[in-house]
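Every number in this text was worked out from the coordinates using simple rules, so none of it is lab data. Everything numeric in this text was worked out from a predicted model, so none of it was measured. No Cβ is skipped: glycine too gets one built from the backbone with ideal geometry, and neighbour counts run over all protein chains shown.
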Amino acid sequence: MHMRKMAGMAGMAGMAGMAVAAILLLAAGMAQAETTIETVPVGNAGNAGEWSGESYGGYGPDRICGAVAYEYNIGKYEVTAGQYKDFLNAVAKTDAYGLYNASMSNTSYGSGITQGGVSGSYSYSVDSAFTNRPVNYVSWYDTIRFANWMTNGQGSGSTESGSYTITGGGVNSGTVTIPTAAERAAWSTGAKSYFLLTSEDEWYKAAYYKGGSTTAGYWDYPTSSNTAPGQDMADVSGNNANYHTSPYTYPIDSGKYTTLVGEFENSDSPYGTFDQGGNVWEWNEALISGSFRGLRGGSFYFIDFYLLASDRYSCYPPDEYDGVGFRVSEVPEPASMAVLALGSIGMLLRRRKLGR
């Protein structure tokens, strides 16, 4: 049941977006994309934010979070090892930017991704047990480059420009120009989809906002609850996540520290995202303190405190850890164009190779 749910069709808006993206690629004479990021729409544009941070029972500098003035899509799941493997095979034959970390190959606490060959002809494979688990050991720079690659149609698309411009870039380095909220809003009226590492507000709203209006308020946990999640792998009643605390077994999925994305299928956020609490920390764009970038959601080795909406964690951008991954957002093309694409959607979707 779990795998059928993951492989099912997205909502009509998401399908239309994929169809338009495919049409644009074909019109440009490019090979059709192979990696699909399943997204869910986040509406209620112009919603109120709320305070988050140390003064509000959490961690990190205080900030009003979650207010987003535009509609957007967000990854239903964390980016998986299978999807990241496709990225590596497309752009890391020499791996000039250090997109691969050898610790990814570990099949206990890593991603099960293995590098083969020599520089110039590197190839990458993923252990079948990890294809649908979140990628980890990714730096903040890796996530920015993945987003650019998605925006540029995948394949041999650039990693240094697109949604972001990276100047002076090297291994886990470079000056990154981050699009503003106003620029994102403007993109939503254009003819192209842009994939991004989530802004903190995009991430926060998708995880905690109750939805339904612009004044709906927020849950404390990203499982649509104000009560700390349990750790029930069966997830019959919902409100469960992959995090660490006693007296529960650790790891909760024997022998593997991460769980399959969407494993807790009754524990989604109000907008239908999964694992925004636990599994792996997720990078976001926020500049928290000095050069440190934002992390949200906790991980398999942190207690439930770090799943709270009030917790603003951070990390040095080049760092790569077993408990850190990411998810992407998407500013979609206009709805009018998406509707025009529906007539061709059946043929296009059948030809897409899913990244799960």
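Flag not set for Ala90, criterion: assigned to a loop (DSSP other than H, G, I, E, B), among the aliphatic types (A, V, I, L, M) and surrounded by fewer than 19 Cβ atoms within 10 Å (Cβ to Cβ). Remark: pairs (first residue in the stretch 107-125, farther than 15 Å from Phe87 by Cα; second residue surrounded by fewer than 11 Cβ atoms within 10 Å (Cβ to Cβ); Cβ separation under 8 Å; 6+ apart in sequence or on different chains) = Ser108/Gly255.
Restricting the search to strands (runs of 3 or more DSSP E) fully inside the stretch 259-322 and requiring at least 2 residues that are farther than 30 Å from Pro247 by Cβ and either touching a helix residue (DSSP H, G or I) at 6+ places or on another chain (Cβ under 7 Å) or charged (D, E, K, R) (or both) gives 281-289, 292-296.
Considering only the stretch 254-261, I want to know if a residue exists there that is among the hydroxyl-bearing types (Ser, Thr, Tyr), closer than 29 Å to Tyr97 by Cα and within 16 Å of the chain's Cα centre (by Cα). Scanning the stretch 254-261, I find at least one residue that is among the hydroxyl-bearing types (Ser, Thr, Tyr), closer than 29 Å to Tyr97 by Cα and within 16 Å of the chain's Cα centre (by Cα), so the answer is yes. Contact map, the stretch 45-66: residues that are within 12 Å of Tyr208 (Cα to Cα) paired with residues that are surrounded by 14 or more Cβ atoms within 10 Å (Cβ to Cβ) and acidic (Asp, Glu), Cβ distance under 8 Å, separation 6+ or inter-chain. Pairs shown: Gly49/Asp201; Ser52/Asp62; Ser52/Asp311; Cys65/Glu50; Cys65/Glu200; Cys65/Asp201; Gly66/Glu50; Gly66/Asp201. Taken over the stretch 93-109, the criterion of being of a type in the set (A, V, I, L, M, F, W, C), under 21 Å from the mean Cα position of the chain (by Cα) and surrounded by fewer than 21 Cβ atoms within 10 Å (Cβ to Cβ) is satisfied by no residue.
When the stretch 99-151 is filtered for residues that are out of contact with any helix residue (DSSP H, G or I) (no Cβ under 9 Å at 6 or more places or on another chain) and part of a strand (DSSP E or B), only Gly116 remains.
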